[in-house]
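Here, each number is a calculation from the coordinates, and none is a lab measurement. Quantities reported herein were computed from a predicted structural model and do not represent experimental measurements. Cβ atoms come from the backbone with ideal geometry, glycine included; neighbour counts cover every protein chain shown.
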Amino acid sequence: MESQQEHKFKVIGTRPIRHDGVDKVTGRAKYGADISLPGMLHGKVLRSPHAHARIKSIDVSAALALPGVKAVITGADFPDIGDNLVQVGENFVNARHLSQNIMARGKVLYDGHAVAAVVATSPHIAEEATKLIKVEYEPLPHVQNVLTAMKDDAPILHPALRTGGTPEKSDKQTNVANQVRFARGDLAAGFAAAAVIVEREFDTTMVHQGYIEPLNAVAQYNQDGHGTIWVSTQGPFAVRELTGHILQMNRGDIKVIPAEIGGGFGGKTTVYLEPLALLLSKKTGRPVKMVMTRNEVLRATGPTSGSHIRVKIGANKEGKITAAQVWMAYEAGAFPGSPIGVACMTVLAPYDLEHLQIDGFDVVLNKPKTAAYRAPGTTNAALGVETVVDELAEKLGVDPLEFRRLNGAQEGTAQPAGPQFRRIGFLETIAAIKNSPHYQSPLPKSENGKLRGRGVASGFWINAGFQSTATVSINTDGTANVVTGSPDIGGTRTSCAMIAAEVLGLKAEDVHPVVADTESIGHTDTTGGSRVTFATGYAVYEAAQDAVRQLKERAATLWKVKPEEVVYQDGAVSCTTNGNESLTLIQLAGRLPRAGGPVTGRASVQPRGVGPAFTTHVVDVEVDAETGKVEILRYTAAQDVGKAVHPGYVEGQIQGGVAQGVGWALNEEYYYDENGILRNTGFLDYRMPTCLDLPMIETILVEVPNPGHPIGIRGVGEVPIVPPPAAIANALYRAVGVRMTELPMSPPKVCKAITEKRG
Amino acid sequence: MHAITYESPKSLAQALSLLSATGEKGRLLAGGTDLLIQMRAGVRKPEQLIDAKSIPELQVLSFNSQDGLRVGAAVPCCRLIEDPAVRQHYPGLVEAAGLIGSVQIQSRCSLGGNLCNGSPAADTTPALIALGAVCHVASSKGTRTVAVEDFVVSPGRTVLQADELLVEFRIPAPKPHSADCYQRFIPRNEMDIAVVGVGAAVTLNGDTCTAARISLGAVAPTPLFAKEAGASLVGKPLNESTIAAAAALAQQIAVPITDMRGTAEYRKHMVGVLTRRVLTTAAERARAK
């Protein structure tokens, strides 16, 4: 384990109680659905029962006639807007597509696509009224398989869509929205130099983030043209931007107040209900609340892409990779925008490669429009590469961790997308797993006749920087407030408070973190890309330094010396030229009215020194060969976390990421019937793991400081979801001798694979 | 929105007269662990709920070695699971009842509710069929008995007429060297509906099987009594080959569907696996007695 020797931290690296903890465990924290306003109405969305259909007519008269119903909106109530790319989290989204996604125009493109919205005096009346809306549909052929959707004769979702990213413009109707290629070296020569080549194809299904709190929005439109939206979102500024585009309102006329958030994982980075609620409020003059059911969340909000992936990698006798080729088609859902671009950037990044080619395709089909999900696009891709790497190592008789060490990226390695890595800790995570108590102890023998195996896999995630603003103000008692615009989905309120406390020489509990609305803090990009502790933390660091600079000026005024003669250390100012002059922050705070007034440090940043994240995992599984059921016996994740600000929350992020990865690996899937209707629309049949399905997940924090951050911070939240499916597939192979290439590795599939192998 | 009335009769007679008055518009409410969810989803729309929990006859739980076990239709599963006699004599029924929901759910749900809900995947139904349980049904016109395997007619529908209610189950006293077992398969370790469920009860005389009943859940529109599979074991020792033969017979009557919980092929395979497993365990238990 490395640590940043030059820093001796007092607060960073400790485990204080989270600032929002008491409110959450006592039930006082206000989530989106807790918001209630005087005179509030309740909205409900009518959704498509078809996977693909033309809307011939919508008759809302019976719904409007129901007592208690105040208004109904359909696609006709929305302005036609042009193409406009807006950054949402790590991705860009076309506002015109988003407008069509939240309310269908002319055609419905997936089961659950919004067709109309009703607002009434109670949620029950609103729901009843949706059933009175008569929609005449003309069903159209649908397509839900990514390879079928790419074919020339596939049903077309958007007649005007043309493939982007190609060298030559085509005028052909298509479902391929975009294509991406990264290539270097001489692929043929690379494969010719290989002693062993492994080539396999993989299929993964759409999966949902599975956040506990369903999507919600409360909106109030005022007669003066201003609107306010209360919503649990990862990106209040993105909600303002997107709602402004969709309703053609000035951004400054929309205020977004972020509520407490019950899980996001990338899923709450876009808009669904916000523009509907605001438009319904505009129509009725009253505040409007909308809350989705779980059924709506699963059918109509953004899961992440299913995919078809082909991986071909060759290696020489010495175990060095000579060439790698990857082909990936990702389901975008009903509108363009799968994470294929970032998948292409990350898929081969863990390895030092001379010859490579990566091709990616963004494909629309009749499923909900995808949204971000923890390291978007990268878990699917890693299933392919990390299991092929495992097979190569096996065929060459090389230990799979040693194979990764031989080929692993390090400082100076060129990424597939071009740039060279700065200091990274990939090899350190491999060594940490090698030396871990888990890897060092033999796999215990099964006592019940079940089969056991151990697998390893690694993962990479680029992490994000983007823009953040923070203020740090000093209270009259010498405590401080930290205000940011970053909704807290991973303990970031506390990590930001700890960074300010470190700089100011305070205790973590003496710094009060606040997540502000869009009118109370400068622009801050969405919580996503594992960026908040890195980038917003950077702003907090700078803002706290700004506050320290002002505190020194105030002390200098009091002492009638120059600011350069004042030092700030351990929460106190002292004078270098007069040893008698010294004040604690508490004393100085009380004297600020006589020293030049209040102190507020502020910073708006766009940090460029993003430090990517690497991780290596080991897992032991037990397989019931008769049923195909896989039990996770033991799991250890070693991750380069840069500098762990709050190690307990970092461990929690790693455990949470692994838990989601295990669910993705074993049981979670979007199950559509032959008519294109989603059948598992609740948590009973959308099978996320429960606490009974997971062991305690062991974590090893490897600290290789990010040279691009004053404290060495790297994003930590996303990368732990990347290796689990590959690690489990590799463990399964060791247990039963079958290479699984399809997610989820659910009991029927594992059982079938074992039966086929045994003949 | 539609209005619902709620009645909580304190006697069987009162309940039966309410039922005959409301007919199809009424619905018995025991624990409500299925019914309330179905009402919320709009699957069932009763206008009157008749709460079964305060009817004394539906709360009976008694055992004696001559007549066996009587379980009132609304006895919550937690009472059944904790009853010493039930635990001793009917471990398979305890296994099945213990698989339904969490501790909170088990304090509300009942054998009667589980059966009357009519699901082919109900966990306690195959356990009851294996034990040869009989339903006692009453209406204001009289009473009748129905074997559990004949009770469900299609998914969500039972033999009960609109004015009838299920009063109790009678389960025969176990013969010497008898035991039962129930297992289901789910992809996770909790929070799931059976992909396949299999119940079995066997009686041994020395090494020879003198009686065996096998039952299947979630592999047909209704829970199934695998009569031939059980009968194939009578007069034979319970060993690997006789058990495998019975499992193959059980597989023959399974007519599963492919859905989000499993493929038809997988379900058929699992009938074989679970039948072998429950017969092996039931035989071990019977030998230990």
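Before moving on, here are some points about what is shown:
- Separation of the alpha carbons by more than 20 angstrom is noted, of A:Lys268/A:Lys367; A:Lys70/A:Lys289; A:Lys629/A:Lys752; A:Lys450/B:Lys227, for A:Lys450/B:Lys227.
- Treating r as the C-beta distance of A:Glu553 and A:Thr576 and R0 as 25 Å, the FRET efficiency rounds to 0.95.
- Peptides B:119-129, A:74-84, A:464-474, A:34-44 ranked from most to least packed give B:119-129, A:464-474, A:34-44, A:74-84, packing being the mean of other C-beta atoms within 10 angstrom over each peptide's residues.
- Taking other residues whose beta carbon is less than 10 angstrom from the beta carbon of A:Ile102, and scoring Lys, Arg as +1 and Asp, Glu as -1, yields 0.
- Counting Lys and Arg as +1 and Asp and Glu as -1 over every other residue whose Cβ lies under 14 Å from the Cβ of A:Asn448, the net charge comes to 0.
- For the stretch B:1-53, the relative contact order works out to 55 percent when only alpha carbon pairs closer than 8 Å and six or more residues apart are counted.
- Using the Cβ-Cβ distance between A:Val25 and B:Ile193 with R0 = 41 Å, the FRET efficiency computed as 1/(1 + (r/R0)^6) comes to roughly 0.80.
- Note on the stretch B:5-171: Cα-Cα pairs beyond 30 Å make up 10% of the total pair count.
- Violating pairs (Cα-Cα greater than 31 angstrom) within the set A:Lys107/B:Lys25; A:Lys107/A:Lys169; A:Lys131/A:Lys749; A:Lys395/A:Lys434: A:Lys107/B:Lys25; A:Lys131/A:Lys749
- Chain B - percent relative contact order, Cα under 8 Å, separation 6 or more: 16
- Between the stretch A:285-320 and the stretch B:204-239, the alpha-carbon centres lie 46 Å apart.
- Interchain or long-range residues, amide H under 5 Å from A:Leu633's placed H: A:Asp620, A:Val621, A:Glu622
- Sum of side-chain charges, B:Arg108 neighbourhood, beta-carbon under 14 Å (Lys, Arg +1; Asp, Glu -1): 0
- Cβ-placed point charges (K, R +1; D, E -1), dipole of the stretch A:221-332 about Cα centre in debye, nearest 20: 240
- Cα coordinate range in chain B, projected on the principal axes (Å, largest first): 58, 44, 33
- Centre separation in Å (Cα based) which lies between the stretch B:47-121 and the stretch B:252-289: 23
- R0 of 60 Å, Cβ-Cβ distance B:Lys25-A:Glu199: FRET efficiency to nearest 0.05: 0.40
- J(HN,Hα) series, the stretch A:747-759, from Karplus relation 6.51 cos²θ - 1.76 cosθ + 1.60, nearest Hz, glycine and proline x: x, x, 6, 5, 4, 5, 4, 5, 4, 5, 5, 6, x
- Exercise: per-residue mean of other protein chain Cβ atoms within 10 Å, A:678-688: 3
- Mean per-residue shielding of peptide B:34-43 is 1, counting Cβ atoms of other chains within 10 Å of each Cβ.
- Partners of B:Lys236 within straight-line reach, counting aspartates and glutamates whose Cα lies under 18 Å from its Cα and excluding those fewer than 8 residues away in the same chain: B:Asp180, B:Asp207, B:Glu228, B:Glu284.
- Taking the Cα centre of the protein assembly as shown as reference, the dipole from Cβ charges on Lys and Arg (+1) and Asp and Glu (-1) amounts to some 880 debye.
- Of the DSSP H helices in chain B, those whose Cα atoms cover at least 27 Å axially and whose Kyte score averages -1.0 or more: B:264-288
- The stretch A:47-183 shape via C-alpha gyration tensor axes, a/c threshold 1.5: prolate
- By average C-beta atoms within 10 angstrom, highest first, the peptides A:298-304, A:688-694, A:746-752, A:605-611: A:298-304, A:746-752, A:605-611, A:688-694
- Length gained when the stretch A:Lys562-A:Ser441 is fully extended (0.36 nm per residue, less Cα-Cα span): 37.3 nm
- Computed from label points 7 Å out along Cα-Cβ, the spacing between B:Ala13 and B:Arg287 is 5.5 nm.
- In the stretch B:178-288, Cα pairs under 8 Å separated by at least six residues give a relative contact order of 30 percent.
- Shielding by partners, peptide A:669-675 (average Cβ within 10 angstrom, other chains): 1
- Principal semi-axes of the equivalent ellipsoid, √(5λ) from the alpha carbon gyration tensor of the protein assembly as shown, are 53, 37, 31 Å from largest down.
- Here the Karplus relation 6.51 cos²θ - 1.76 cosθ + 1.60, evaluated at θ = phi - 60°, turns the backbone of the stretch A:386-400 into coupling constants of 6, 7, 5, 4, 4, 5, 4, 4, 4, 5, 8, x, 10, 4, x Hz, with x for every Gly and Pro.
- Most to least packed among B:177-188, A:669-680 [average Cβ atoms within 10 Å]: B:177-188, A:669-680
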